[in-house]
1. Could you check how much of the accessible area of the range 402-530 is carbon and sulfur, as a whole percent, using a 1.4 Å probe?
2. Can you list residues whose amide H is under 5 Å from Gly578's amide H, if they're 5+ apart or on another chain and H is modeled 1.01 Å from N?
3. So what is the diffusion coefficient of the range 459-545 in µm² per second by Stokes-Einstein at 25 °C and 0.890 mPa s, using a Kirkwood Rh over Cα pairs?
4. Any idea of the accessible area per residue across the range 331-445, 1.4 Å probe, to the nearest Å²?
5. Give me the lysines in straight-line cross-link reach of Lys319: C-alpha distance below 20 Å, same-chain residues under 8 apart excluded.
6. Using the Karplus equation 6.51 cos²θ - 1.76 cosθ + 1.60 (θ = phi - 60°), what ³J(HN,Hα) coupling, rounded to whole Hz, does each residue of the range 208-213 give in order, writing x for Gly and Pro?
7. Amide H to amide H under 5 Å from Cys511: which residues, 5+ apart in sequence or cross-chain, H placed 1.01 Å off N in plane?
8. Which lysines have a Cα lying under 24 Å from the Cα of Lys464, excluding residues fewer than 8 positions away in the same chain?
Amino acid sequence: MPDQNEHRPEGAGRGGARRPDAEREGGTRDGGHSGRGHGSDRGRDGRDKGARADGGRSGRSFGHGRDAGRPRFGERRSPERDRPRDGGRPHGGFGPDRDADRGNRAHGGAGPDRGSGPERGRSRPQGGVGSGRGGNRAQGRFDRERGDRPSRERDTRAGARPDRDRGRGPAGARPDSGRPRGGRAHAGEKRFDASPARRAALQVGGLLRERDAFAQDLIAKHIDGSRMSREDRAFATRLVLGVVSARGTLDEVIDRSMRSPDDVRDDVRDALRIGVYEIYFLDKSPHAAVDQCVELVRTFEPRACGLANAVLRKAVALKEEFPFGDPQRDLEAFARQHAFPAWLAKRLIADVGHDAAREFMEASNEPAPLFVAVNAARAADEEVRAELEAAHGDPEPVELDGRPLPGCYRVSSGRVLQDGRIRRLLGQGKLFVSDAASQEVARLVLPENLPQSLLEVGAGRATKTLLLQSGALRAWGQQIPGYVTVDNHEFKTRLLRERTEAHGIQVAEACTADATKLDAAFPGRLFDVVFVDAPCSGLGTLRRHPEIRWRLKEDAIDEMADRGLALLKSAAAHVAPGGTLAYATCTVTHAENNGVVMRFLESPEGAAFSLAPLEGKGCFATRLRPGSPDAHFAVKMVRAADAGAGPDQRRQNS
């Protein structure tokens with residue numbers, strides 16, 4: 001699928017960060033527990049902190065009691081009441097370049113949670129998870145015994161009027177001092193400010209919701225380009241991609257933890273998703289994750305801290321029951337366990353089997369590895385590899401099925417892309433980022449001998465164009481002379497021209513047209529090779545494009561398959577006798593892959609074609625595993641040499 005194949009430098013740099021770097025952000029200093037090690041302590045940390053905080057009552061009673069029937073802070077009200085009264089920013093003071101987060105100056109902008117993170121302050125008792133209080137009587141008794149003054153959040157949830165803030169300004173305004181809005185800091189206890197990484201993830205999450213944008217694009221703009229530490233950028237990226245990937249499951253957990261889930265405000269839900277994701281899928285300490293999420297809510301609506309704290313405590317208690325069923329026998333529990341829509345899990349099981357589906361879903365939740373391609377039109381492999389080694393990228397030559405993939409390297413971390421030497425290579429067109437499976441597809445598409453003409457259908461942002469022409473240089477010492485591209489979006493055609501020129505890649509023609517009607521765009525023209533890089537569901541790239549999982553509709557897969565078939569039928573008429581017709585996707589569904597190919601071969605348009613083996617197999621298909629390249633599919637078909645061609649077609653081809 002065009003554009004899905006490319007692992008962009010901006011987004012991939014942090015999306016592929018190693019776990020230890022992300023964990024240093026503040027999740028591994030929670031009382032000595034590592035993020036991974038916490039799972040064995042759930043009975044103590046999760047159950048005690050989530051359930052015991054209710055004074056012995058079950059978390060299921062949340063939402064009932066003295067405040068029943070009253071509007072909760074953070075809940076959706078009428079449009080008039082829901083309008084921000086301070087006219088301020090929706091997400092507080094994110095970003096090192098803004099000093100709106102007045103309570104966070106102790107950080108000095110250097111490093112995650114230094115001096116004020118929840119893991120470095122005095123630990124709270126098991127009964128007090130989080131910094132906001134939600135009308136919790138047991139916690140109130142504990143505070144009174146300790147001599148603490150009740151917080152304003154507790155007063156509000158107990159029925160106090162929202163405007164009793166003693167001159168602190170309108171709802172959502174930031175406090176004027178560095179003390180928590182919910183009450184004074186205890187003696188010797190440091191303020192638990194929300195970390196820069198979480199504030200950044202909250203901002204990007206809000207933008208994704210408001211704009212229906214793509215996560216990697218916003219990460220590149222708001223996280224990669226920020227002045228946060230490298231660890232904070234890595235963790236913020238992990239949070240954004242993880243929350244987007246698990247959005248539906250996170251919302252279900254939040255809804256189960258609330259009495260009226262439809263009433264919670266969108267920005268509060270954005271913050272709650274981050275907290276629940278850390279608890280359920282990163283195995284963060286519940287104490288640290290709840291406290292940080294409550295402080296995150298405090299940055300834009302302090303009076304909603306009690307609501308956030310109560311919801312998260314209930315979510316901690318519910319983790320003992322997750323995935324709310326037996327995943328071995330319950331399809332919905334199986335899908336929930338891996339944060340997939342149930343319909344998609346069902347389809348994956350039907351297409352690839354239960355075990356392969358589970359492996360695919362588990363791998364889709366892991367950070368993607370980072371692969372780069374050397375552009376043979378601008379540089380030699382040795383030059384680029386030396387620069388990658390100097391930048392501590394630890395480049396490793398890549399092999400697929402025991403075969404070396406020329407010019408392809410796996411690098412240890414996306415941080416190497418921010419090194420000045422590597423940035424120069426990228427700017428000079430000597431290096432670009434592309435998944436290893438995508439590079440292998442381009443290698444397999446090329447025939448044994450140099451073709452004089454090639455038509456690339458669905459060229460997109462030119463990634464396959466760069467790979468194919470670079471591969472031609474490696475194989476034959478020259479680029480394909482009659483290289484023609486077509487895409488149905490004019491802006492992509494313009495981008496293709498810019499990228500190919502910058503990388504020294506030759507394109508004879510770059511056209512914008514409907515590729516299902518190639519006769520209108522290329523009347524009577526034949527090509528030695530026609531390559532259809534088909535639009536598809538993109539499920540093989542979920543690690544890099546997490547928004548696909550919950551945006552994709554079930555009927556879209558069959559629609560994509562029908563479009564792929566239409567492209568093949570249109571392209572078949574423009575393959576010269578004896579020429580090659582190649583078809584590729586970046587998905588794993590049977591309908592879009594083998595199903596399309598078989599339907600084409602059985603059609604009148606495909607009658608003159610037969611499958612050509614790829615490295616001894618009928619097709620190329622990678623399986624998604626942790627640390628593996630993305631899942632791609634490709635086949636090659638050859639048109640019979642004696643297939644009829646009109647005299648006009650033969651003349652133009654010659």
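The values are calculated or read from the model by the stated rules, or taken from the named source; none is laboratory data. All of these numbers come straight from a predicted model, not from anything done at the bench. The protein model used for the area step is the full one, side chains on, heavy atoms only, and it has no ligands, DNA or RNA in it. Shrake-Rupley method; radii C 1.70, N 1.55, O 1.52, S 1.80 Å.
1. 47
2. Arg639, Ala640, Ala641, Ala643
3. 174
4. 38
5. Output for Lys319: Lys49, Lys284.
6. Once θ is set to phi - 60°, the couplings for the range 208-213 become 4, 5, 6, 9, 6, 8 Hz.
7. Residues meeting the criterion, in which the H sits 1.01 Å from N, are Thr485, Val486, Asp487.
8. Lys464 reaches Lys430, Lys492, Lys517, Lys569, Lys617, Lys636.
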